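**Q** Handing you a structure now.
No value in this document is a laboratory result; all are computed from the given coordinates. Note that the structure is a prediction, hence the values are computed from the model and not measured. Positions of Cβ are generated from backbone atoms using ideal geometry, with glycine treated the same way; all protein chains shown enter the neighbour counts.
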Amino acid sequence: MRYLVITSILLLCWQPRVFSQSCLPEGITFTTQSQIDSFPILYPNCTEIEGEVKISGSSIKNLVPLSSVQSIDNNLIIRLNDSLLSLTGLENLASVNGEFLIEHNHWLQNLDGLIGLQSIGNHFRIETCHGLINLNGIEELDTIWGKVGLYKNNNLQTLHGLDSVNYIGGDIWIIKNNALSSCSVTSLCEYLSMPNGSVNIYDNAEGCNSPIEVSDSCGITLPCLPYGNYYFFNQSEIDIFQTNFPACVNLRGNVLISGNDITGLNGLTQVNSISGNLEIKENISLASLTGLDDIDSIGGELIILHNDNLDNMIGLDGLTFVGGYFLISHNENVHDLSGLSNLKNIGGHLDIRGNHELTTIDDLINLESIGGHLSLVFNKSLSNLQGLINLKMISGILMVWNNDELVNLNGLDSINHTTIGDLIIFGNVQLSQCAIESICNYLINPNGNVLLGDNLTGCNSQAEVEEACTVGIPEQRSATQLSTHPNPFTTTTTIEYELTEPSCVQLTIYNAIGEVVYKTEDQVMPQGSHTVTWSPGHLPKGMYYAILRSEDGVVVVKIVKQ
């Protein structure tokens, strides 16, 4: 009997065993059911997949042959599987160390196959899976190190299934789940009480349509969100802001204001600054920005777009700085930019376009610098640019395009021409005067491409503008030779001329817009060679014209200060 026991033990010890092992460092992509079915045959001991796993194919119906997989060290992407009804087969999967994306699987009915999943090393996103009603099946999931995103799952009604998650390391995005009304699961309630990222909850069913609705269901008081973001889709959300966020003065993250019934912003009077973007768009009833008066800085973009009833920018009177792109576009009734008179610096582009009733930008009078392009495009009633007279620099393209009433570029004179990249002045049907100092100096040595055309005569080509830059300077009408060296110069240049007989002489130097910057008294000079040393000192770099008038006539030479 003892012999039989020992023999049995020995036989058990020598029985073949299946050892777990890592495999596929380059990852694997499944596009057909046959590839799924072949996996256990081609990789019999593969339990830990090192690379990315993609499952995407209209013929894929089940994942049962993947039951040996216990972990994936990279991303797991299950996308565009029109025949997949469940994730059965992934029960032994305990960890995904990269992103886990479940997207566009329209007939996926549940997540039951993920019953063993415990951790996700990055983002977890479920998008456009219309068959899902709940998230049951992931009750063992404990940790999500990145953000959680639930987008456009039309029949998702509840977040049950996420209850046991103890840690979410990134943002929350719960958006456009039309039937989702129950979000007060423990994990989300705990997250909202102390967020690790931005909170983005909107366009779901009532009860889960905003962070406020969810926090009310959770029975918690929502703090001032340390990472943003804030969304206002109706007037009541504006009006109740101070009640819901009484201590929120400096808003972190982004702010979006967009709602058909929003008529005023007085509920936001406590806000002093926004660290992210401020978007005010598609508010068809909004007549004024009053309520934003105490905001002095916006760290990101400022977008004012498609507000058809807005007349001006009054309400932004305290604003001095915009850190990113500033867009004022297609606000059909904006007549002027009143309210922006304290704005001094824009970190990104300034783009004013498609505001057909805008006649003046005078309230930009204190704007000194733009960190990107300057675009003035399709503002049909804009007649002048004088409001930009104190603008010293831009950092990119200067575009003036299709402004039907614009007649000159006065107001752009002070821009340092070296900060302009491409120059585009096109399609301004009344524009005939482009010969301002900044443009004339730029055309001496352009920093980028030049497009000048479809304007009125005088500004209809680069040659016309260059010629206009010498307005008031007579053409050469003398055989007397006039030269200067060095040319170009930096500090001093010598102007040399020769007279064939004694003559009364006057030397005048003009800048690029025809202003006199140097002039000698009329004096009789003897026959022979003569020189004048010119040191312009504080005068800016650019193009100048030396004009010598004598009894022989007039002669001109172009001089460039570098």
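**Q** Per residue of segment 148-157, what does 6.51 cos²θ - 1.76 cosθ + 1.60 with θ = phi - 60° give for ³J(HN,Hα)? Whole Hz please, x for Gly and Pro, Karplus curve as stated.
**A** 10, x, 10, 10, 6, 9, 4, 10, 5, 10
**Q** Another one. Name the longest site-free stretch of the chain, where the excluded sites are chymotrypsin sites (Phe, Trp or Tyr not before Pro) in a DSSP loop with no more than 11 other beta-carbon atoms within 10 Å.
**A** 20-562
**Q** Rank the residues LYS541, LYS392 as a footprinting-exposure proxy: fewest other Cβ atoms within 10 Å of their Cβ go first. Could the numbers behind the result be given before it?
**A** Details: LYS541 16, LYS392 13.
By the 10 Å Cβ count, ascending, the order reads LYS392, LYS541.
**Q** State, to one decimal in nm, how far the label point of TRP107 lies from the label point of ASN449, with both points 7 Å from Cα in the Cβ direction.
**A** Here the answer is 5.0 nm between the modelled labels.
**Q** Sticking with this structure for a sec: Determine the calculated [θ] at 222 nm for the chain from helices alone, applying -39500 (n - 2.57) to every DSSP H run no shorter than 4 residues and normalising by the residue count; nearest 500 deg cm²/dmol.
**A** So the calculated ellipticity at 222 nm is -3000 deg cm²/dmol.
**Q** Rounding to the nearest 10 and keeping the result within 0 to 90°, find how far the Cα-based axis of helix 2-13 lies from the longest principal axis of the chain.
**A** It works out to around 20 degrees.
**Q** Write down, largest first, the equivalent ellipsoid semi-axes of segment 353-412 in whole Å, where each equals the square root of 5 times an eigenvalue of the alpha-carbon gyration tensor.
**A** So the equivalent ellipsoid measures 18, 13, 9 Å along its semi-axes.
**Q** Arrange the following residues from fewest to most other Cβ atoms within 10 Å of their Cβ: MET525, MET399.
**A** Ordered from fewest to most neighbouring Cβ atoms within 10 Å, MET525, MET399 come out as MET525, MET399.
**Q** Between (i) 3, 16, 22, 22, 19, 12, 5, 1, 0; (ii) 4, 17, 29, 28, 17, 5, 1, 0; (iii) 3, 14, 16, 14, 14, 13, 9, 6, 5, 3, 1, 0, 0, 0, 0, which entry matches P(r) over Cα pairs in 10 Å bins from 0, in percent as derived from the coordinates of this structure?
**A** (iii)
**Q** May I pose another question? What order do you get for THR29, THR290 when you list them from fewest to most C-beta neighbours inside 10 Å? Numbers along the way, then the final one.
**A** Details: THR29 13, THR290 16.
Ordered from fewest to most neighbouring Cβ atoms within 10 Å, THR29, THR290 come out as THR29, THR290.
**Q** Quick one: helix 33-42 against the long Cα principal axis of the chain, what's the angle to the nearest 10°, folded into 0 to 90?
**A** Long axis of 33-42 versus the principal axis of the chain: about 70 degrees.
**Q** Could you work out how far the C-alpha centroid of segment 65-131 sits from that of segment 290-338, in angstrom?
**A** What the calculation gives is 44 Å, centre to centre.
**Q** Return a whole-number percent for the relative contact order of segment 101-140, with Cα pairs under 8 Å and 6 or more residues apart as the contact set.
**A** Once normalised by length, the contact order is 59 percent.
**Q** Would you list, by chain and number, the lysines whose Cα falls below 25 Å from the Cα of LYS380, excluding same-chain residues fewer than 8 positions away?
**A** LYS281
**Q** Sticking with the crude label model, points 7 Å out along Cα→Cβ, report the distance from ASN178 to HIS538 in nm, one decimal please.
**A** 6.9
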